[in-house]
Amino acid sequence: MSKNLSDKKTAPVKTAAAKDKIDDAAFAFGRENYILLFISIGLLFVGYVLMAGGKAENPNVFNEEVFSFRRITLAPLVVMLGYALGIYAIVKKAD
């Protein structure tokens, strides 16, 4: 039982342009969506780092550093911006 070479199925030949373009159906998002998603993750990380700290050295002494502009105003705004950008990255339709 030998098979002829003509019976063998061959894979289609891909050109350089076809190799560069990845099938969009293989990924849930487009390139821009992923970039925006990673930027939003970075913003979330920065926001939570800005919130960290403010611990008192002595638990019997009140530390005003807890109520600094950075922790009360700036950090929550950065975190909200990160979440908003993440939601936008998810719902944005890929081109």
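Kindly provide the chymotrypsin sites (Phe, Trp or Tyr not before Pro) of the range 57-95 that DSSP labels as loop, not H, G, I, E or B, and whose Cβ sees at most 16 other Cβ atoms within 10 Å.
Numbers: sites: 62, 67, 69, 83, 88; in loops: 62.
Answer by residue number: 62.
Compute the semi-axes of the equivalent ellipsoid of the range 26-91, taking the square root of 5 times each eigenvalue of the Cα gyration tensor, and list them largest first in whole Å. Walk me through the numbers before you get to the answer.
Numbers: eigenvalues 241, 20, 8 Å².
So the equivalent ellipsoid measures 35, 10, 6 Å along its semi-axes.
Bear in mind these aren't lab numbers, they're just calculated from the coordinates by the rules spelled out. None of the values given here were measured: they were computed from a predicted structure. No Cβ is skipped: glycine too gets one built from the backbone with ideal geometry, and neighbour counts run over all protein chains shown.
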